[in-house]
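A short worksheet on the structure shown next.
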Amino acid sequence: MIKLGILDFDTSHAVEFTKRLNHVDGTPKEQLVDGAKVVVGCPGESKLSPERIEGFTAQMKKFGVPLVDKPADMIGKVDGMLIEAVDGTVHLERARPFLEAGIPCFVDKPFACSVADARKMIDLAAKHKAAVFSSSSLRYAPEVVEYAADPKPGKLLGCLVYGPASLSQVPDRNPGLFHYGIHPVEVLYTLMGPGCERVTSTHEKGVDVVTGRWKDGRVATVRGTREGPGAYGFTGFAEKGVKAVAVATAFIYRELLKQVVEFFKTGKPPVDPATTLEIVAFLAAANRSGANHGAGEAVRTEG
């Protein structure tokens, strides 16, 4: 059994992931994930959602998870770490001591809120031979996985992905699309793959619409919504047909955790860190474009 630590309880993911991994009583059987267990946690701190920590800490105590006051106190007790801070701007500092200790880390979304931080985490992981993996749970929604693996439509020429993109209430933390727009953007990259070189974005109070151009000439769009239904889905434009797909969220945590457990078993991230870096660059470019009246922005991964 893989022993995991979990850091920062300002997100429901701390509770929801522990329910599934630790087979907490009352969790539906179809949601359970085998192979790893949360053996220690640290409530941590938060400058984005501090009000959530107390309630989630109480739940973790009810689950019987031993808690420590300092993140470093988990080193030596775990085989891997779940870095769960809802605030992506702190992920580098939160993951650093574990990566430096050679402990592999799953870093929840958003991986980072700058290309510089993302690259530093990836470089730290490589230097200390401690693998790092990050992903939105939407990447593993069954409908997304099924469409991406289906050869029948032929080559995907482009797509339109939509999903909620609520904004952070603390503007310098998870700015713009980094906060919740990461979910539809991860679906976009699951379908299109890496290689986006330029984006344009229209930013309004109720929506962000981002269009990216890939190096091979393909074009795809993300619509991040803040008004109307908070649904996820996409339309794929392929060589042999057009298909609209609604994406459900009932099993996305289970499916993500299956990938997380396999990652800790093998030490191989299911998403190439270079792709994760590009996603951060895509989000940063989209934010710049939206703030500059839709001016074209390069997707730059160099730092």
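About its Cα centre, what dipole magnitude does the stretch 2-136 give when the only charges are +1 on Lys and Arg Cβ and -1 on Asp and Glu Cβ, stated in debye to the nearest 20? Can you show the working numbers first?
Values: 18 positive and 19 negative charges, 66 e Å.
Here the stretch 2-136 has a charge dipole of around 320 debye.
If each residue of separation counts as 0.36 nm, what is the full-extension length gain between Ala250 and Asp123 once their alpha-carbon separation is subtracted?
Gain in length upon complete extension: 42.3 nm.
Do any GluC sites (Glu not before Pro) in the stretch 203-300 lie in a loop, going by DSSP, with at most 15 other beta-carbon atoms within 10 Å of their beta carbon, and if so which?
Details: sites: Glu204, Glu227, Glu239, Glu255, Glu262, Glu278, Glu297; in loops: Glu227, Glu239.
Here the sparse-neighbourhood loop sites are Glu227, Glu239.
When Lys and Arg each count +1 and Asp and Glu each count -1, what net charge do the other residues less than 10 Å away from Val245, Cβ to Cβ, add up to?
-1
With θ set to phi - 60°, apply the Karplus curve 6.51 cos²θ - 1.76 cosθ + 1.60 along the stretch 168-182 and write out the HN-Hα couplings as whole Hz, x wherever there is a Gly or Pro.
Couplings: 5, 7, 10, x, 8, 10, 6, x, x, 5, 4, 6, 10, x, 4 Hz.
Where the only charges are on Cβ atoms (+1 Lys, Arg; -1 Asp, Glu), what is the dipole of the chain about its Cα centre, to the nearest 20 debye?
Using only the charged Cβ atoms, the result is roughly 460 debye.
How would Phe9, Phe17 line up from fewest to most surrounding beta-carbon atoms within 10 angstrom?
With the fewest neighbours first, Phe9, Phe17 line up as Phe17, Phe9.
Sorted from fewest to most neighbouring beta carbons within 10 Å, what does the list Thr11, Thr202, Thr301 look like?
Thr202, Thr301, Thr11
Based on other C-beta atoms within 10 Å, arrange Met81, Met1 from fewest to most.
Sorted ascending by nearby Cβ count, the order is Met1, Met81.
How far, in degrees from 0 to 90, does helix 273-291 lean away from the longest principal axis of the Cα atoms of the chain, to the nearest 10?
Roughly 60 degrees between the two axes.
Please give me the summed charge of the neighbours of Lys120: other residues whose Cβ is under 15 Å from its Cβ, Lys and Arg +1, Asp and Glu -1.
Numbers: positive: Arg94, Arg96, Arg119, Lys127; negative: Glu93, Glu100, Asp117, Asp123, Glu302.
With Lys, Arg at +1 and Asp, Glu at -1, the net is -1.
How much length would be gained if the chain were fully extended between Glu30 and Val219, taking 0.36 nm per residue of separation minus their Cα-Cα distance, in nm to one decimal?
That pair, Glu30 and Val219, stretches by 64.3 nm at full extension.
Using the Karplus curve 6.51 cos²θ - 1.76 cosθ + 1.60 with θ = phi - 60°, what ³J(HN,Hα) values do you get for each residue of the stretch 46-58, in whole Hz, with x for Gly and Pro?
Result, ordered by residue: 7, 9, 10, 9, x, 5, 8, 5, 4, x, 6, 5, 4 Hz.
Along the Cα-to-Cβ line of Asp272, 7 Å from the Cα, sits a label point; which residues in the stretch 126-155 have backbone N less than 16 Å from it?
The answer is 132-134, whose backbone nitrogens lie closer than 16 Å to the label point.
Helix 115-127 versus the longest principal axis of the chain: what is the Cα-based angle in degrees, 0 to 90, to the nearest 10?
Rounded to the nearest ten degrees, it is 50.
Per residue of the stretch 68-79, what does 6.51 cos²θ - 1.76 cosθ + 1.60 with θ = phi - 60° give for ³J(HN,Hα)? Whole Hz please, x for Gly and Pro, Karplus curve as stated.
10, 8, 10, x, 4, 5, 8, 5, x, 10, 9, 9
Mind listing the long-range amide H neighbours of Ile2? Cut-off is under 5 Å, sequence gap 5 or more, other chains count too, H placed in the peptide plane at 1.01 Å from N.
Hits under the 5 Å cutoff: Ala36, Lys37.
So what is the 222 nm mean residue ellipticity for the chain from helices alone, if each DSSP H run of at least 4 adds -39500 (n - 2.57) and you divide by all residues, rounding to the nearest 500 deg cm²/dmol?
Using -39500 (n - 2.57) per qualifying helix, the result is -10000 deg cm²/dmol.
May I have the pair-distance distribution P(r) for the chain, computed from all Cα-Cα distances with 20 Å bins from 0 and rounded to whole percent?
Values per bin, smallest distances first: 35, 58, 7.
Place a point 7 Å from the Cα of Val170 along the Cα-to-Cβ direction; which residues of the stretch 85-103 have their backbone N under 16 Å from it?
Answer for this model: 85-95.
Taking just the C-alpha trace of the stretch 1-137, give me its Rg and Dmax in Å.
Calculated on Cα positions, Rg and Dmax stand at 14.1, 42 Å.
Which of the aspartates and glutamates could be linked to Lys70 by a straight reach, that is with a Cα gap under 14 Å, when you skip same-chain ones fewer than 8 residues away?
Leaving aside aspartates and glutamates fewer than 8 places away in the same chain, those within reach of Lys70 are Asp8, Glu45, Glu93.
Every read-out reported here was derived from the displayed coordinates using simple, explicitly stated rules and does not represent laboratory data. Because the structure is a prediction, the values reported are computed rather than measured. When we count neighbours, we look across all protein chains shown, and the Cβ atoms used for this are built from the backbone with ideal geometry, even at glycine.
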